[in-house]
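Asks: To start, I am sharing the structure in question, which I have written as structure tokens.
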Amino acid sequence: MNKTDNTGDAVGGLSRADSGIESGQRAFVKYVLGMAALLLPLALLVDDAHWLNIIAFTYLMGGLAAAWNIIGGFGGQFSLGHGVFFGIGAYGAARLYVAYDLSPWLTVLPVAAFAAALAMLISWPTFRLRGPFFAIATLAFNEVAFVIAHNLTSVTGGPRGIMIPFKAGLENMIFRERWQYALLMFGFAALVIGITVILRRSRLGYYLLAVREDEDAARASGIDVLGVKLRGMALSAGLTAIGGTLFAMYLRFIDPPTIFNLQEVGVKFALLSLIGGIGTIAGPLLGAALIIPFENFLRAELANAIPGLSLAILGLLMVLAALFMKRGVVGAIEDLVARLRRKARGGK
Amino acid sequence: MNHPLLDVTGASKHFLGLKAVDEVSLVVTKGEIVSIIGPNGAGKTTFFNLLTGQLAPTAGEVRLRGAQINRLAPHERARLGMGRTFQISKPLIALNALENVMIGAFMRHRKLSVVRDKAMAVLERVGLLQHARRRAGDLTLSERRRLEVARALALEPEILLLDEVMAGLNQSEVGQAIDLLKGLHATGLTFLIIEHNLKVVRAFSERVVVLDRGRLIAEGSAEQILNSPEVVKAYLGDGHKIAELKGASA
């Protein structure tokens with residue numbers, strides 16, 4: 001097997017060592033360093049209640065966007081219906097806690113499993129649709145879920161929603177201190193990113209990329225296209241439901257307009273991924289880190305000046321990003337690094 | 001050694017009234033190189049798609065190593081040892097060359113380091129090792145064609161179905177490609193190829209079948225077929241001489 005390396009050197013090409021595929025060890029070290037950097041704002045601002053709220057929400061939205069990115073970014077299936085799975089996580093855990101006093105720690109995984117199963121069920125017919133048609137179909141699911149939540153009063157509380165009483169305690173996933181919530185949300189983001197790192201190095205991860213790029217070529221390469229999409233969707237939906245549970249326990253009040261709000265939930269996951277870098281590991285998190293605090297800032301500063309101005313500015317920013325950073329922040333950074341490298345090589 | 005690897009009987013594909021493939025039977029034994037030639041629209045690619053499962057046959061039967069595979073999906077046929085390339089090459093353009101080939105190698109292997117090493121070895125085999133980290137979308141046409149062959153090879157197939165892999169290549173590239181295929185054949189791989197370039201057909205194939213308007217009209221050695229008046233007629237119409245066909249192929 002050394003033959004390959006030798007020949008590679010002989011033609012001045014690549015040897016195994018620089019195949020560009022990282023060793024597992026290196027990927028793990030990068031992950032740990034990345035998570036440490038992610039924890040930094042929380043450590044620095046641990047006494048600032050206002051910022052802690054923003055930080056907690058950024059972690060949560062970053063994790064949720066990263067969960068969406070599994071099927072939306074790697075798998076190329078542009079779902080706008082992830083609010084459904086988010087809603088299952090939120091309503092499932094909230095109802096089980098309020099009605100049966102079941103700890104969210106106990107229910108979070110079964111509820112996520114339910115969301116994953118439902119995701120496979122409703123995706124099975126929709127995955128026959130391609131591109132924009134798939135996106136529109138998933139959008140419809142979100143609206144259907146809204147109507148169901150609005151009318152299924154016995155489970156969701158209907159338009160009045162579910163109020164979770166404040167009973168602080170780790171066992172209830174309800175905390176007195178903001179930093180405790182922020183830490184919980186960080187844990188969620190770290191979990192999703194960790195899974196993404198593993199996925200990106202696994203067969204399923206590569207197969208999702210192949211399906212995104214060309215379904216016929218994927219089939220010819222022995223890939224069960226529908227099966228791969230379903231597995232990617234299940235993983236993505238399950239993680240999204242976990243985020244929904246955390247969201248419900250943080251806000252302690254949920255109702256249909258909050259949960260199935262397209263602008264703030266279903267479309268937001270996709271948007272954060274797009275801005276940060278769709279189909280990359282760090283992209284969704286970066287997108288959240290840029291947009292969520294900025295949104296809060298705009299809302300706080302401009303709310304009294306001209307209503308809606310903050311949304312207009314945000315919209316403008318997204319248009320600019322779509323025009324000039326087609327591969328998101330991560331793509332822009334990669335391009336910059338590549339250009340600097342080329343320059344350095346040219347200088348020699 | 002001489003048992004049929006691929007056994008097609010009476011394969012037909014009708015689109016509404018059109019008989020794109022009309023009762024074609026063909027046996028390919030292990031280690032053979034069979035070329036399919038025929039004018040444009042003869043049904044060559046449609047026939048290929050019946051073999052790979054891309055299309056369901058209207059009638060007929062496809063057997064691989066004796067087992068009926070009519071109802072199997074393309075990915076299941078790939079797992080049984082059928083590798084293919086597409087007439088219009090389908091590289092996974094956002095991925096680099098190595099990742100393209102790794103996608104194929106993942107079919108038989110699970111561990112990332114094993115898959116990477118297998119893929120690197122295949123890239124070397126087709127002469128693309130130095131391009132391993134280039135985006136497939138940035139490769140030249142000839143490199144893309146080789147990349148497609150590499151991805152199919154990474155499946156560790158028994159039979160490779162190549163749909164006009166030489167199309168658009170210049171003469172020296174065609175020469176290199178023939179050398180590559182001959183090298184692969186020497187390792188025991190079986191080939192079924194669709195080819196327009198008669199020079200390639202003559203240089204590479206042991207047996208040639210001719211499709212015309214969906215029907216198999218002739219079968220034989222390359223020399224026999226390329227000198228057959230019936231084939232010349234199918235290609236060029238009546239009244240042409242063999243010399244012209246030979247001239248056209250040179």
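Asks: Once you've got the Cα coordinates, tell me which of B:19/B:44; A:30/A:326; A:229/B:44; B:90/B:199 are over 20 Å apart.
Replies: Beyond 20 Å between Cα atoms: A:30/A:326; A:229/B:44; B:90/B:199.
Asks: Between the range B:56-84 and the range A:159-222, what's the alpha-carbon centroid distance in Å?
Replies: Going from one Cα centre to the other spans 39 Å.
Asks: Based on other C-beta atoms within 10 Å, arrange A:195, A:278 from fewest to most.
Replies: Arranged by neighbour count, lowest to highest, A:195, A:278 become A:195, A:278.
Asks: Let me ask something else. Just checking the output field for B:120-131: average partner chain Cβ neighbours within 10 Å of each residue's Cβ?
Replies: Mean number of neighbouring Cβ atoms from other chains: 4.
Asks: What is the sum of charges around residue A:57, taking Lys and Arg as +1, Asp and Glu as -1, for the other residues whose C-beta is under 13 Å from the C-beta of residue A:57?
Replies: Charge balance near residue A:57 sits at +1.
Asks: Another question, if that's okay. What percent of all Cα-Cα pairs in chain B falls in each 5 Å bin, counting up from 0?
Replies: Distribution as computed: 1, 6, 13, 17, 19, 17, 13, 8, 4, 1, 0, 0, 0 percent.
Asks: What's the Kirkwood radius of the range B:60-176 in Å, using all Cα pairs?
Replies: Kirkwood radius, the range B:60-176: 14.7 Å.
Asks: Grab the alpha carbons of the range B:1-86, take their convex hull, and tell me the volume per residue in Å³.
Replies: Dividing the Cα hull volume of the range B:1-86 by its residue count gives 97 Å³.
Asks: A further question follows. Once every DSSP H run of n ≥ 4 in the protein assembly as shown is given -39500 (n - 2.57) and the sum is divided by its residues, what mean residue ellipticity at 222 nm do you get, rounded to the nearest 500 deg cm²/dmol?
Replies: So the calculated ellipticity at 222 nm is -18500 deg cm²/dmol.
Asks: Using a simple charge model, +1 on the beta-carbon of Lys and Arg, -1 on the beta-carbon of Asp and Glu, nothing else, what dipole does the protein assembly as shown show about its Cα centre, in debye to the nearest 20?
Replies: 660 debye
Asks: Could you give the distance between the Cα centres of the range A:40-99 and the range A:284-302, to the whole Å?
Replies: Spelled out, the Cα-based centre of one part sits 14 Å from the other.
Asks: Please get the size of the charge dipole for the range A:22-261, origin at its Cα centre, with Cβ charges of +1 on Lys and Arg and -1 on Asp and Glu, quoted in debye to the nearest 20.
Replies: Charge dipole, the range A:22-261, about its Cα centre: 240 debye, nearest 20.
Asks: In terms of the Cα gyration tensor, with a ≥ b ≥ c the square roots of its eigenvalues, is the range A:80-200 rounded because a/c is under 1.5, prolate because a/b exceeds b/c, or oblate?
Replies: oblate
Asks: Now for a separate question. Counting only DSSP beta bridges with both residues in the protein assembly as shown, tell me the antiparallel percent, nearest 5.
Replies: Bridges in the protein assembly as shown that DSSP calls antiparallel: roughly 60 percent.
Asks: Using the Cα centre of the protein assembly as shown as origin and beta-carbon charges of +1 (Lys, Arg) and -1 (Asp, Glu), tell me which of B:67, A:346, A:54 is placed farthest towards the positive end of the dipole.
Replies: A:346
Asks: Please report A:31, A:181, A:100 as a ranked list, fewest other C-beta atoms within 10 angstrom at the top and most at the bottom.
Replies: A:100, A:31, A:181
Asks: For the protein assembly as shown, build the charge dipole from Cβ charges (+1 Lys, Arg; -1 Asp, Glu) around the Cα centre, then report which of A:147, B:47, A:183 sits farthest towards its positive end.
Replies: A:183
Asks: Please report, in Å, the Rg and the Dmax of the range A:217-256, where both are computed over Cα atoms only.
Replies: That works out to 16.3, 49 Å for Rg and Dmax.
Asks: While we're looking at this one, here's another question. For every other residue with a beta carbon closer than 15 angstrom to the beta carbon of residue A:82, add +1 if it is Lys or Arg and -1 if Asp or Glu, then tell me the sum.
Replies: Neighbourhood net charge equals 0.
Asks: Report, as an integer, the average count of C-beta atoms from other chains found within 10 Å of each Cβ along B:105-114.
Replies: The per-residue average across the peptide is 4.
Asks: If you don't mind, there's one more thing I want to ask. Over chain B, what is the relative contact order in whole percent, taking alpha-carbon pairs under 8 Å and six or more residues apart?
Replies: Relative contact order comes out at 24 percent.
Asks: Compute from the Cα atoms of the range B:113-176 the Rg and the Dmax, the latter being the longest Cα-Cα distance, and quote both in angstrom.
Replies: 12.0, 37
Asks: Quick one: grab the alpha carbon gyration tensor of the range A:22-261, order the square roots of its eigenvalues as a ≥ b ≥ c, and give me rounded if a/c is under 1.5, else prolate or oblate depending on whether a/b is larger than b/c.
Replies: oblate
Asks: Continuing with the same structure: Based on other C-beta atoms within 10 Å, arrange A:313, A:259, B:159 from fewest to most.
Replies: Least to most surrounded, the residues fall as A:313, B:159, A:259.
Asks: Another question about this same structure. Using Cα positions and a limit of under 13 Å, work out the aspartates and glutamates in reach of residue B:233, with same-chain residues fewer than 8 apart set aside.
Replies: Those aspartates and glutamates meeting the cut-off are B:212, B:244.
Asks: Now, a different point. Based on the alpha-carbon set only, what is the convex hull volume of the range A:149-267 divided per residue, in Å³?
Replies: 144 Å³
Asks: Additional query: Just to confirm my numbers, what's the Cα centroid distance between the range B:101-171 and the range B:194-218 in Å?
Replies: Answer, in whole Å: 25.
Asks: What share of Cα pairs, in percent, lie more than 27 angstrom apart in the range B:1-144?
Replies: 35 percent
Asks: I would also like to ask the following. What helices does chain B hold that run 15 Å or longer along their axis, going by alpha-carbon atoms, with a Kyte-Doolittle average of 0.0 or more, using DSSP H for the helix calls?
Replies: Flagged H segments are B:112-125, B:171-186.
Asks: Which whole number gives the average count of other chain Cβ atoms within 10 Å of the Cβ atoms across peptide A:197-205?
Replies: Partner-chain Cβ atoms within 10 Å, mean over residues of A:197-205: 2.
Asks: While we're looking at this one, here's another question. Over chain A, what is the mean sequence separation of C-alpha contacts under 8 Å (at least six apart), divided by residue count, expressed as relative contact order in percent?
Replies: Normalised by residue count, the contact order of chain A is 29 percent.
Asks: Let me ask you something else. When a/c is below 1.5 the answer is rounded, else prolate if a/b is larger than b/c, else oblate, so apply that to the range A:289-334 with a ≥ b ≥ c taken from the square roots of the Cα gyration tensor eigenvalues.
Replies: Here the range A:289-334 falls in the oblate category.
Asks: Can you give me the Rg/Rh ratio for the protein assembly as shown, using Cα atoms for both radii and the Kirkwood formula for Rh?
Replies: Radius of gyration relative to Kirkwood radius: 1.06.
Quick note: the coordinates plus some simple rules give every number you see, no bench work behind them. Quick caveat: nothing in here was measured; it's all calculated off a predicted structure. Virtual Cβ from ideal backbone geometry, glycine too; neighbours counted across all protein chains shown.
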